[in-house]
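J.: Below is one structure. I have some questions about it.
The values are calculated or read from the model by the stated rules, or taken from the named source; none is laboratory data. Quantities reported herein were computed from a predicted structural model and do not represent experimental measurements. We place every Cβ from the backbone using ideal geometry, glycine too, and count neighbours over all the protein chains shown.
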Amino acid sequence: MKQSSSAQSRSQPEIAEVSDAPLRQFMGYHIKRAFNVIQADLNDVLKTFELRMVSFSVLVLIVENPGIRQSQLSSALAIERPNLVVIIDALEKRELIVRDRLLTDRRAYLLQATMAGDQLCEKALRAINTHENKLFEGIDAAMRSTVVQAMRTIEAQS
């Protein structure tokens, strides 16, 4: 009689430590593992400002590009328009941004940061700079530049 899979698994020795060695040959795996660390730390920093990575990114681009259209923002951040509308609504509800209809195209909105949005963005940027400096303190400027260039090269090839 064939043993059930649960009976077989009970007779197997317990794995003390899992090795990810086969995955460590892939650069993408290392990038993902590093991103997980960066993202977790960044999420903790942004939580203080009641922002997530995507809402922070949207706010920064609006602050830096006054009068940006939602379509331009969607393209710049590679966010689907319906998803962007939800983020814009949340930022507008918090009075961090305003959206005004474009006079020449009633379907388009121009986005502007409010004074509160500018101030929050500035504080969040300072906190993130501190976060990155702490997180990457063991990586010198030349290596940082090399890593950024490698990431840009990968992005450009897509």
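J.: Looking at (1) β-branched (Val, Ile, Thr); (2) farther than 27 Å from Ala40 by Cβ; (3) surrounded by 12 or more Cβ atoms within 10 Å (Cβ to Cβ), can you tell me which one Thr104 breaks?
T.: Of (1) β-branched (Val, Ile, Thr); (2) farther than 27 Å from Ala40 by Cβ; (3) surrounded by 12 or more Cβ atoms within 10 Å (Cβ to Cβ), only one is false for Thr104: (3).
J.: Output the residue which, of all residues in the stretch 133-158 that are surrounded by 11 or more Cβ atoms within 10 Å (Cβ to Cβ) and not in a helix (DSSP H, G or I), is nearest to the chain's Cα centre (by Cα).
T.: Looking at residues that are surrounded by 11 or more Cβ atoms within 10 Å (Cβ to Cβ) and not in a helix (DSSP H, G or I), I get Phe136.
J.: Confirm whether Pro13 is surrounded by 10 or more Cβ atoms within 10 Å (Cβ to Cβ) and in a loop (DSSP other than H, G, I, E, B).
T.: On the way: surrounded by 10 or more Cβ atoms within 10 Å (Cβ to Cβ): no; in a loop (DSSP other than H, G, I, E, B): yes.
The answer is no for Pro13.
J.: Give me a count of the residues in the stretch 22-61 that are surrounded by 16 or more Cβ atoms within 10 Å (Cβ to Cβ), in contact (Cβ under 8 Å) with a residue 40 or more places away in the chain and out of contact with any strand residue (DSSP E or B) (no Cβ under 8 Å at 6 or more places or on another chain). Steps first, please.
T.: Initial filter on the stretch 22-61 (surrounded by 16 or more Cβ atoms within 10 Å (Cβ to Cβ)): 42, 45-46, 49, 51, 55-61.
Going one step further and asking which of them are in contact (Cβ under 8 Å) with a residue 40 or more places away in the chain, we end up with 42, 45-46, 49, 51, 56, 59-60.
Right, trim to out of contact with any strand residue (DSSP E or B) (no Cβ under 8 Å at 6 or more places or on another chain) and you get 42, 45-46, 49, 51, 56, 60.
So the count comes out to 7.
J.: Does the stretch 96-119 contain any residue that is assigned to a helix (DSSP H, G or I) and of a type in the set (D, E, K, R)?
T.: Taking the stretch 96-119 as the starting set, the residues that turn out to be assigned to a helix (DSSP H, G or I) are 115-119.
From the residues that got through so far, the ones that are of a type in the set (D, E, K, R) too are 118.
Yes, that holds for at least one residue.
J.: Follow-up question, since we're still on this one. Just the residues that are surrounded by 12 or more Cβ atoms within 10 Å (Cβ to Cβ) and not acidic (Asp, Glu), please, taken from the stretch 107-122.
T.: Ala108, Tyr109, Leu110, Leu111, Gln112, Ala113, Thr114, Ala116, Gly117, Gln119, Leu120, Cys121
J.: Looking at the stretch 31-42, is at least one residue under 17 Å from Leu120 (Cβ atoms) and over 17 Å from the mean Cα position of the chain (by Cα)? It would help to see each step written out before you state the result.
T.: To start, the set of residues in the stretch 31-42 that are under 17 Å from Leu120 (Cβ atoms) comprises 42.
Applying the additional criterion that residues be over 17 Å from the mean Cα position of the chain (by Cα) yields none.
No, there is no match, as no residue in the stretch 31-42 is under 17 Å from Leu120 (Cβ atoms) and over 17 Å from the mean Cα position of the chain (by Cα).
J.: Among what's in the stretch 54-71 and is assigned to a helix (DSSP H, G or I) and modelled with pLDDT under 95, pick the residue that is nearest to Ile128 (Cα to Cα). So that I can check it myself, show each step before the final result.
T.: The initial filter retains those residues of the stretch 54-71 that are assigned to a helix (DSSP H, G or I), namely 54-64, 70-71.
Next cut, modelled with pLDDT under 95 only: 70-71.
Working: Gln70: 25, Ser71: 27 Å.
Applying the filter and picking the extreme gives Gln70.
J.: Same structure again: For the stretch 73-98: of the residues being touching a strand residue (DSSP E or B) at 6+ places or on another chain (Cβ under 9 Å) and crowded, with 17+ Cβ neighbours inside 10 Å, which is farthest from Leu51 (Cα to Cα)?
T.: This residue is Leu73.
J.: Within the stretch 54-68, count every residue that is over 21 Å from Ala108 (Cβ atoms) and in contact with a Leu (Cβ under 6 Å, 6 or more places away or on another chain).
T.: So the count comes out to 1.
J.: Can you confirm whether the stretch 93-109 contains a residue that is at positive phi and either of a type outside the set (Lys, Arg) or modelled with pLDDT of 95 or more (or both)?
T.: Residues of the stretch 93-109 that are at positive phi, as a first pass: 95.
Checking which are either of a type outside the set (Lys, Arg) or modelled with pLDDT of 95 or more (or both) leaves us with 95.
Looking for residues that are at positive phi and either of a type outside the set (Lys, Arg) or modelled with pLDDT of 95 or more (or both), one finds at least one in the stretch 93-109, hence yes.
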